[in-house]
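Following: one structure in structure tokens, then a few remarks.
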2 protein chains.
Amino acid sequence: MQIPDPQKLSLNTATVRQQWDLRQIIEGCARHDIRGISPWRDQVAALGLKETARLLTLHQLSVSGYCRGGMFPAATAAQRHANLTDNYRAVDEALALNAACLVLVVGGLPSGSRDLAGARQQVHDGLNALLEYARPRGMPLAIEPLHPMYAADRACINSLKQANDLIDLLGEEGLGIAVDLYHTWWDADFHHEIRRAGLKRLLAFHICDWLNPTQDLLEDRGMMGDGVIDIRGFRQAVEALGYQGFHEVEIFSRLNWWSKDPDEVLSICKLRHQQHG
Amino acid sequence: MQIPDPQKLSLNTATVRQQWDLRQIIEGCARHDIRGISPWRDQVAALGLKETARLLTLHQLSVSGYCRGGMFPAATAAQRHANLTDNYRAVDEALALNAACLVLVVGGLPSGSRDLAGARQQVHDGLNALLEYARPRGMPLAIEPLHPMYAADRACINSLKQANDLIDLLGEEGLGIAVDLYHTWWDADFHHEIRRAGLKRLLAFHICDWLNPTQDLLEDRGMMGDGVIDIRGFRQAVEALGYQGFHEVEIFSRLNWWSKDPDEVLSICKLRHQQHG
């Protein structure tokens, strides 16, 4: 089937976070019949974990992923320990919200460091420790490879291959990948690596578009259809592997969508999901 | 040896192109005892090919690479043919300047296209045609993998692996790689792929730094030492493979270096090359 199942659309709350608080976003999703949501920790903290869980249940919204854990590398052991403790709390929160997975943005170089291989080793070690906590509690961890332009400041895992290599090392029980097309569409090994991952590792699928030109490294993502990513082709490729999860829309857009009427943004998300997702 | 040979420093003329014309840049290199240069085609056209060659000989400057050929993909066969004809001229000019190689920025998606695999096939085909022209004339072609953030608009070859794969297909006679750290420092397979390339394919080595944060996708490159790239480590890795060519500094910097006194820029290039190169 060419057209995606509209019930598979999920809204990452970053998409309208400048206009609405989390309560408004949840109610907006319900009003627009968007069945999935992916909230951020700071928004959940502001609304309260219990109240968030209550509203999600009330509106029968599924959490396609919880944003986010990770940020493992740090300059000191004390900071790494603090990061890990914070990640344990993120797992607890994800469990309370019945999230499909905890999404991990793994972190970049510690301040002042040029040791990328060392940062990657710290990600391995941090992930290994977090798995000991998450596995017995049954919360899957989803490594999100980020675009190489974020290698220094956000995530030093920058390809599906790296994520698969990490999972080979750490074991795939409760550990998988959040495939975000914004971060991976350029990768000549995309199709090879999602086949290598296989259904078991495909924990989340994020969509938006790459604008050409892109004005800002962080906050100029495009609505589906406005850029150059063959979103439909990639979506069909993951579904051909058996993926049946949500298609989560995550658009950071200081230059455009964050200044629009959020009801309009949600309507357009739904329309573009059908046209291009 | 830790410290690089100062005679290996080469200046890509983009580094001071906002302040000086090509004649001034050539004379500046001579004045600062910089022995290598990599001029751009538009600058050579403005100064004249013969006059450029005369000045380079007069000042005993070596051309570490000629910028640039490539840009193969296009929406129509007529445009592809025009691009190829222009690439033939670039080969002729590179020969007239006794360049070590013609650097290729291979091009991105044709206007309106989302077919990245198709663009990559067009690069393969264009390169194959250009090799028929360049090989008998003895001008090596250097594929420059560009950072994935340029996959849409500048180059759909975004990793050393892709470049090596292309060379495996097309043959390594007169075909190699321009390794630019700005584009490749994030790549977890960097060391594996330069070993796979081997000395024969290492035609050029470009340095600058990745600033954290980076303000602009194109024109916010850093001077060596101001960013997060372990330039010395990478330089030693290519030299361990036997590379004895230039270390070419190429800094696009609308936000900083393009507004400084160009004599100061060249002095700092020399100093930072010794400190961090």
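The values are calculated or read from the model by the stated rules, or taken from the named source; none is laboratory data. The model shown is predicted, which means the values in this text are computed figures rather than measured ones. Here Cβ is always computed from backbone atoms with ideal geometry, including for glycine, and neighbour counts include all displayed protein chains. We work out accessible area using only protein heavy atoms, side chains counted, and drop any ligands, DNA or RNA first. Shrake-Rupley method; radii C 1.70, N 1.55, O 1.52, S 1.80 Å.
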Q) Any idea what diffusion coefficient chain A gets from Stokes-Einstein, in µm²/s, Kirkwood Rh on alpha carbon pairs, 25 °C, 0.890 mPa s? A) 131
Q | Estimated D of segment A:187-277 in µm² per second, where Rh is the Kirkwood radius over Cα pairs and Stokes-Einstein applies at 20 °C, 1.002 mPa s | A | 152
Q: Report, in whole Å, the centroid distance computed from the Cα atoms of segment A:1-64 and segment B:118-170.
A: 44
Q | Anchor residue A:270: lysines whose Cα lies under 25 Å away (excluding residues fewer than 8 positions away in-chain) | A | A:8, A:260
Q) Around residue A:185, with a cut-off of 10 angstrom between Cβ atoms, what is the net charge of the other residues, counting Lys and Arg +1 and Asp and Glu -1? A) -3
Q. Copy-to-copy spacing for residue B:192, label 7 Å out on the Cα-to-C-beta vector, in nm, shortest first?
A. 0.9
Q) Hey, what number do you get for the protein assembly as shown at 222 nm if only DSSP H runs of n ≥ 4 count, each worth -39500 (n - 2.57), divided across all residues, to the nearest 500? A) -13500 deg cm²/dmol
Q | Position residue B:58, label points 7 Å along Cα→Cβ, spacing to each other copy in nm (shortest first, one decimal) | A | 8.1
Q | Interface burial for A against B (accessible surface, 1.4 Å probe, total of both chains, Å², rounded to 100) | A | 2400
Q | Segment residue B:88-residue B:58, length gained on full extension (0.36 nm per residue, minus Cα span) | A | 8.1 nm
Q: Given the options B:113, B:62, B:38, state which has the largest fluctuation in a GNM of chain B using a 10 Å cut-off (strictly under) for Cα springs.
A: B:113
Q) For chain B, modelled as a Gaussian network with Cα springs under 10 Å, which listed residue fluctuates most, B:250, B:193, B:264? A) B:264
Q: For segment B:138-214, compute Rh as the Kirkwood radius over C-alpha pairs and then the Stokes-Einstein diffusion coefficient at 10 °C and 1.306 mPa s; write the answer in µm²/s, rounded to an integer.
A: 125
(Q) Using just the Cα positions, wrap segment B:22-92 in a convex hull and report its mean projected area in square nanometres, one decimal place. (A) 5.0
Q) Measuring label to label, 7 Å along Cα→Cβ, what does residue A:259 give against each other copy in nm, shortest first? A) 2.3
Q. Gaussian network model of chain B, Cα springs within a sub-10 Å range: biggest mean-square fluctuation belongs to which of B:16, B:106, B:228?
A. B:228
Q. What ³J(HN,Hα) values, in whole Hz, does the Karplus curve 6.51 cos²θ - 1.76 cosθ + 1.60 give for segment A:228-242 when θ = phi - 60°, with x put for Gly and Pro?
A. 10, 7, 7, 4, 4, x, 5, 4, 5, 5, 6, 6, 5, 7, x
Q.
Give me the one-decimal Kirkwood hydrodynamic radius in Å for the protein assembly as shown, with the sum taken over alpha-carbon pairs.
A. 24.8
**Q.** Kirkwood Rh and Cα Rg combined as Rg over Rh, evaluated for segment A:87-216
**A.** 0.96
(Q) What number results when the radius of gyration of segment B:137-179, computed over Cα atoms, is divided by 2.2 N^0.38 Å? (A) 1.17
Q: Stick to Cα atoms and the Kirkwood definition of Rh, then tell me Rg/Rh for segment B:68-107.
A: 1.03
Q: Give me the percent of the accessible area of chain A that comes from carbon and sulfur atoms, probe 1.4 Å, all protein chains in place.
A: 49
Q.
Going by amide H atoms built from the backbone, whose H comes under 5 Å of the H on residue B:107, apart from near neighbours?
A. B:71, B:72, B:155, B:156
Q: Could you work out how far apart the two model spin labels at residue A:172 and residue B:24 are, taking each label as a point 7 Å from the Cα in the direction of the beta carbon, and quote it in nm?
A: 6.0
Q | Simple label model, 7 Å out from Cα along Cβ direction - residue A:46 to residue B:135, nm | A | 6.2
